[in-house]
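A.B. asks: Before we start, here is the structure in question, set down as structure tokens.
The values are calculated or read from the model by the stated rules, or taken from the named source; none is laboratory data. Remember, it's a predicted structure, so these values are computed and weren't measured experimentally. Cβ coordinates were reconstructed from backbone atoms using ideal geometry, including for glycine residues, and neighbour counts include every protein chain displayed. Please note that ligands, DNA and RNA were not included when accessible areas were found on the heavy atoms of the full protein model with its side chains. Shrake-Rupley method; radii C 1.70, N 1.55, O 1.52, S 1.80 Å.
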Amino acid sequence: MTTADDEDWARALGGDGEAFGRIFDRHHTRIRRHVHGLVPTAADADDVVATTFLEAWRRRDGIRFVNGSMLPWLLRTATNVSRNVTRSTRRHRNVLARLPVDASTPDHADGDYGDGPATRSLALLSLQHQHVVTLCVLEGLTTDEAANLLGVSAGTVRSRLSRAKAQLRAHISNPIPRHPLKGATDEL
């Protein structure tokens, strides 16, 4: 026995979440099929379905039923939401098209950088030395700025930086051999 939308809607308004869920289950596939060709992407179609049901709840006192069904109201609302999404996408694309295009810069994240000897050596330093190297060498802070940030004296930062650089030089000039995990092989 199927329950008409108007009966489920009355239950949903009374606080029955399952009744609202039944209406959603009954109509979401039909609405998605309806809006699929009206919006630019499939993800937009999913957004329109969600927004349509949100609008149904937001405008719950103004829903019109046709022969006990909410579907006509949902389809009309989905059409309007689709138009808004399409119009918004078109405006966004037009704005982007008017922006100047800079020369393409390759994304450094696309490179195969792996852990080189400097990165491996940095990982071997104590946490205090790693902080000092990161702040002073990699980030370019002065020893006074790093000292202020770390809550230590500038002399302590200079001392740690000196020891860290010496350790890094030693590690890089005498690289640490990589040992594979037990049972692991280099063969693919």
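A.B. asks: Within the stretch 60-80, which residues are in contact with a helix residue (DSSP H, G or I) (Cβ under 8 Å, 6 or more places away or on another chain), open to solvent by 20 Å² or more (accessible area, probe 1.4 Å) and more than 12 Å from residue 6 (Cα to Cα)?
C.D. replies: Selection gives 75, 79.
A.B. asks: Looking only at the stretch 151-188, filter to residues that are within 14 Å of residue 119 (Cα to Cα) and at pLDDT 85 or above; which one of those is surrounded by the most Cβ atoms within 10 Å (Cβ to Cβ)?
C.D. replies: 164
A.B. asks: Which of the residues belonging to the stretch 13-41 are without any contact (Cβ under 8 Å) to a residue 24 or more places away in the chain and open to solvent by less than 40 Å² (accessible area, probe 1.4 Å)?
C.D. replies: Answer for the stretch 13-41, where residues must be without any contact (Cβ under 8 Å) to a residue 24 or more places away in the chain and open to solvent by less than 40 Å² (accessible area, probe 1.4 Å): 19, 21.
A.B. asks: If residue 54 satisfies all but one of (1) open to solvent by 60 Å² or more (accessible area, probe 1.4 Å); (2) within 20 Å of residue 20 (Cα to Cα); (3) touching a residue at least 12 places away in the same chain (Cβ under 8 Å), what's the number of the condition it fails?
C.D. replies: The one condition residue 54 does not meet is (3).
A.B. asks: Take the residues of the stretch 95-150 that are within 29 Å of residue 170 (Cα to Cα) and β-branched (Val, Ile, Thr): which is modelled with the lowest pLDDT?
C.D. replies: 119
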